[in-house]
Amino acid sequence: MESITFDTECQSAKKAIVNKKDTDREEVNVLVKLLKKDGQTGVETQVPVAVDFSFTPGEDNVAESDSFQSLGKKGDTNADYWKKNDKSVDFSVMNTSEGKTKARSKTKTDGGDKSKAYIDFLPSGVGGDTFTLKATVYKDGTETEDCSQESGELTVWRETKFNLYEMTGESHIANNKDHIQGRFDNAFGKCKLGEVATVQNNVKYIGLYQVDWNVTQQKQSAETPTPQEIRDAARLWNDDRRKKARSQITQKAQAWVDRIEGEYGSAKNNWKTGNLIADDSVVGIQYLHPKFNPSSGANAAQTSQWSEFGWLVINAPLGGGSKHPDGAWTMKNSMGIDTDIAGISYTSAERVSFVTKVRSDRARAVMTHEIGHASGFYFKRKKFGSGDDHSTHGLMAPQGPESHDEFTSSEIEILKGMN
Ligand SMILES: [Zn+2]
């Protein structure tokens with residue numbers, strides 16, 4: 001007769017943290033003890049004992065077909081659940097009618113791990129799926145159970161990790177840090193946020209870092225309409241010369257916009273690099289750029305480079321749509337007021353997001369929104385929408401943080417790893 005005990009971690013209910021299917025594993029170990037002749041105290045075994053591992057999945061676990069890229073394992077008879085741990089002895093997987101659900105590992109016979117059997121468990125990748133593990137020792141050469149134990153219930157949580165930074169004098173990251181996890185709880189998303197580090201280099205607009213806005217907003221020669229174009233653009237509506245001149249001026253204005261957008265991008269990068277912002281970070285700043293943050297000052301977004309062309313419309317960057325180049329380049333809200341771009345995420349592998357100085361409750365929603373974008377780098381999930389990873393409605397809509405503080409149920413399904 002033997003006794004069997006899961007390691008303390010597994011004895012109670014716990015979060016099984018996974019990132020991507022089949023890459024992260026739970027180390028599981030059980031201690032097997034033989035009972036002494038007195039039938040009371042257990043002793044570690046000197047001889048290898050085979051321990052069989054199995055599990056009971058939660059009834060509500062997600063079927064493979066309902067999950068994104070087979071994150072769910074329910075009904076997937078090809079799914080791997082058990083992997084060899086570095087300390088496994090004579091590891092083997094047994095095929096059953098449900099798939100590769102059972103495995104065996106023997107106890108170690110020496111060292112500090114004596115009498116312990118090790119194995120790795122791979123739960124599904126869907127947030128909220130549960131598994132209860134079971135370890136069984138059979139009587140020698142029989143199918144009669146000698147002893148067994150069940151673990152606590154493991155629940156799959158999907159993890160993201162971010163460093164936090166804030167410019168000196170700002171507090172919208174620090175004030176909201178503790179509220180973020182609550183926004184991800186329903187999606188079984190674990191948000192690991194670091195302590196807030198202070199960035200000394202406080203500039204009003206990181207998109208104008210080491211850039212003189214008064215200089216850079218001046219039209220360059222290739223962007224400047226010729227006197228002939230200006231005259232032709234003012235001709236009668238049915239004059240062919242007018243259409244041609246207006247098209248040329250529009251192209252020049254678009255080149256002006258594109259250059260300024262490019263300079264904004266470089267300045268933003270230079271600020272980030274210059275301040276040694278690590279990858280995987282959320283950074284609290286003042287503002288991005290006057291054109292993207294019209295609320296940053298009186299008429300902050302206003303320029304007067306194209307004021308003689310009232311008809312002129314350019315395609316504004318960052319999804320701003322059709323705009324006159326001299327105004328703000330952002331969308332208008334339901335009241336017809338130019339909105340601010342309150343946060344922005346790098347789509348590159350650096351995974352750095354900036355959150356601007358907006359009202360505190362909104363900063364929280366913006367932080368959640370940007371972490372929502374970045375989560376796609378940490379674990380597999382469907383995009384929130386076609387194209388640029390935005391929902392049409394909800395916290396992950398482009399202007400979602402203005403009206404939503406929580407994820408919608410369909411956004412939660414996506415974060416959990418559903419299809
Ligand atoms: Zn967004």
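Please treat every number below as a calculation from the coordinates, not as lab data. This structure is a prediction, so every number in the text was calculated from the model and none was measured. All Cβ positions, even for glycine, are placed from backbone atoms using ideal geometry, and neighbour counts span all protein chains on display.
Most simply put, the chain has about 65% antiparallel DSSP beta bridges, counting only bridges with both residues inside it. Across the chain the C-alpha pair distances fall into 10 Å bins from zero in the proportions 4, 18, 21, 17, 14, 11, 7, 4, 2, 1, 0 percent.
With q set to 0.09, 0.11 Å⁻¹, the log10 of I(q)/I(0) for the range 192-303, from the Debye formula over equal scatterers at the Cα positions, is -0.38, -0.51. For the range 305-337, the residues whose amide N sits under 17 Å from a probe point set 7 Å from the Cα of Ile230 along the beta carbon direction are 305-312, 326. Equivalent ellipsoid of the range 2-157: semi-axes from √(5λ) of the C-alpha gyration tensor, largest first, are 29, 15, 14 Å. Subtracting the Cα-Cα distance of Gln302 and Asp279 from 0.36 nm times their residue separation leaves 4.9 nm of extension gain. Quick one: if the Förster radius is 45 Å, what FRET efficiency do Asn315 and Asp7 give, using the C-beta to C-beta distance and rounding to 0.05? Efficiency for this residue pair is about 0.15. At an R0 of 45 angstrom, the distance between the Cβ atoms of Asp66 and Arg359 translates into a FRET efficiency of 0.70. For His390, the residues whose modelled amide H falls within less than 5 Å of its own, excluding neighbours fewer than 5 places apart on the same chain, are Phe384, Gly385.
The label-point distance for Glu195 and Asp110, in a model that sets each label 7 Å from Cα toward Cβ, rounds to 4.5 nm.
Listed highest first by mean packing, meaning other Cβ atoms within 10 Å per residue, what order do 307-313, 294-300 come in?
Ranked by mean Cβ neighbours within 10 Å, highest first: 294-300, 307-313.
Given a Förster radius of 25 Å and the C-beta distance between Lys382 and Glu150 as r, what FRET efficiency does 1/(1 + (r/R0)^6) yield to the nearest 0.05? The formula returns an efficiency of 0.15 here. Less than 5 angstrom separates the built amide H of Val51 from those of Ser105, Lys106, Thr107, all sequence-distant by 5 or more or on a different chain.
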